[in-house]
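Below you'll find the structure, written out as C-alpha cells, and then a few comments.
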Amino acid sequence: MISRHLRFAATAIAAAVFSTQAAATPLSTQQILHEFNAVVLTDMNSQSHVDGRTWVGGTATGGDYAQHANDTPASKYAGLTVMGNANRVQVNALGAVVGGNLSGATINAGSGVIYGNVHNSNLNGAAWVGGSLSGSNTNGGRLPSLDGTMQANADAAHSTDFAAALDALSASLSQMSGTGSTVTFNGYGKATFNAVANASGVAVFNLIDAGVFKASEFEFNLGDATTVILNASDETATIGANFLGGSAQTLGSKLIWNFRNATSITTNALFGGAIVAPSARLTNNQNIEGGVFVKSLDQYGELHLQTFDGKLNPVPEPATGALLLAGLLMLAVTRRRTRWNDSAT
C-alpha cells in the first residue's frame, strides 16, 4: 500500500512539473514590473482602486481592480489574482483567480476561477467554482471545467515565486554602484535629485543616511537618464514630499525606489515611481503614480498605472521549490473537487 501511494505521489509530482512548465513560465523581474501595478506578498486591505493588474499572496479585502484594462500590458495573469480569500473586491476587467473563498464580490468582466466557495457575489463572466455557490449570480454560466482563458490564468497564478523574485530584485538593485548622481538640499526643505546616467541611460542614487525623506519638496534633474534607481537604507520611512512640476506623473514610469531594509513605509502625498520593498508594510494615504511591490499593503490612495519599460540588470531566477509546492496544492485541490463534483452528479 505504501509503495503504491509513493508511486502515485511521484506520478503526480512529475505531472505537475511538466504541466506547469508547459503552461506557464515564471516571469522575470523585468516582466513583473512591466505587467503588474501591484504585487503584495501577504495581505492587502484596500479602500481605493488599482488601475492595472494585481497579485496578492494572502487575503485581499476591499478595493476595485483593473480599472484601466485597455492601458494594462498583456499578460497570462488575470486582472486580480488572490492566492487566499477575497472579500468585498470588485474586478472591473480581465477576470480573477482566487485560491480560497470569494465573498461580497463582483467580477464585472472576464472569467472567474474560484477554488473555494462563493457567497453573496456577482460573477458576470463565465465562472468555474470548485466549492459551493450561495446567494450569488453566475451571469456568464458556471462551467464544469476550465476554458482556455481560465486555464491560462490559473496556471499563471502560481507559476512565479514572487517573494523570491522581488527579494532577488531588491538585492540586485541595492548592490548597484552609484553613477555619480547626487542629492542637494536648499536649506528650506527642498531636495534636488541630480542624475548622472551610465552608458545605458541608467542613473543610480545610493541614499545612505541622506535624510531625503525629511524633505518637503522633491525636484528632479534627470538629464539623459531613462531609468533611475534610488536605493534607500531606511528601515522605516514616512514620505510627505511634494513632487514639484508634476514630476510624480511625468517620471513615474522611470523611477524605482528600492527599500531593501524597510519594514514600514508610509506615503502622505502624491508619490511618483515604483516602490520595491519586499519586507515592508506600505500604507499609502495618497495616490501613487507607479507600481508597488511590497510585503503587505494598506491602501487608501489610488495606484495609477505607470508601466515600467526601463532597463534593469538581469536578475538570477529564484529556486522553483515553492512553485512546485504551490502547483501540487492547486492540482490536489482541483482533483479532489473534481472527484466530489463527479460523485454528486
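Residues to consider are Phe243, Phe293; find the one that is buried (at least 20 other Cβ atoms within 10 Å of the Cβ) and over 26 Å from Gly62 (Cα atoms).
Numbers: Phe293 fails: over 26 Å from Gly62 (Cα atoms).
The unique qualifying residue is Phe243.
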Worksheet item: In segment 194-212, what residues are surrounded by 19 or more Cβ atoms within 10 Å (Cβ to Cβ) and outside any loop (DSSP other than H, G, I, E, B)?
Response: Ala197, Val202, Ala203, Val204, Phe205, Leu207, Val212
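Results for (1) at pLDDT 95 or above; (2) in the same structural domain as Phe213 (by TED's automatic domain parsing); (3) not basic (Lys, Arg), shown as yes or no for each residue.
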residue: Asn258; (1), (2), (3): yes, yes, yes
residue: Ala262; (1), (2), (3): yes, yes, yes
residue: Asn268; (1), (2), (3): yes, yes, yes
residue: Phe271; (1), (2), (3): yes, yes, yes
residue: Thr283; (1), (2), (3): yes, yes, yes
residue: Gln299; (1), (2), (3): yes, yes, yes
residue: Leu328; (1), (2), (3): no, no, yes
residue: Arg336; (1), (2), (3): no, no, no
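Can you say whether Lys311 is of a type in the set (Lys, Arg), at pLDDT below 95 and under 20 Å from the mean Cα position of the chain (by Cα), as far as the supplied structure shows? If you could, list the steps in order and put the result at the bottom.
Values: of a type in the set (Lys, Arg): yes; at pLDDT below 95: yes; under 20 Å from the mean Cα position of the chain (by Cα): yes.
It is true that Lys311 is of a type in the set (Lys, Arg), at pLDDT below 95 and under 20 Å from the mean Cα position of the chain (by Cα).
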Worksheet item: Given the residues Ala191, Ala157, which is the only one that is more than 30 Å from Leu94 (Cα to Cα) and either in contact with a helix residue (DSSP H, G or I) (Cβ under 6 Å, 6 or more places away or on another chain) or in contact (Cβ under 8 Å) with a residue 40 or more places away in the chain (or both)?
Response: Ala191
Worksheet, complete the sentence: When segment 52-76 is checked residue by residue, the ones that are in a loop (DSSP other than H, G, I, E, B) and surrounded by 24 or more Cβ atoms within 10 Å (Cβ to Cβ) are Gly52, Arg53, Gly63, Ala66
Discussion item. Return the residues of segment 257-271 that are among the charged types (D, E, K, R) and part of a strand (DSSP E or B); say none if nothing qualifies.
Written reply: none
Worksheet item: Pick from segment 213-240 the residues that are among the β-branched types (Val, Ile, Thr) and crowded, with 21+ Cβ neighbours inside 10 Å: which of them is farthest from Arg281 (Cα to Cα)?
Response: Thr227
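The values are calculated or read from the model by the stated rules, or taken from the named source; none is laboratory data. In this text, all values refer to a predicted model and were calculated from it rather than measured experimentally. Positions of Cβ are backbone-derived with ideal geometry, glycine not excepted, and every protein chain shown enters the neighbour counts.
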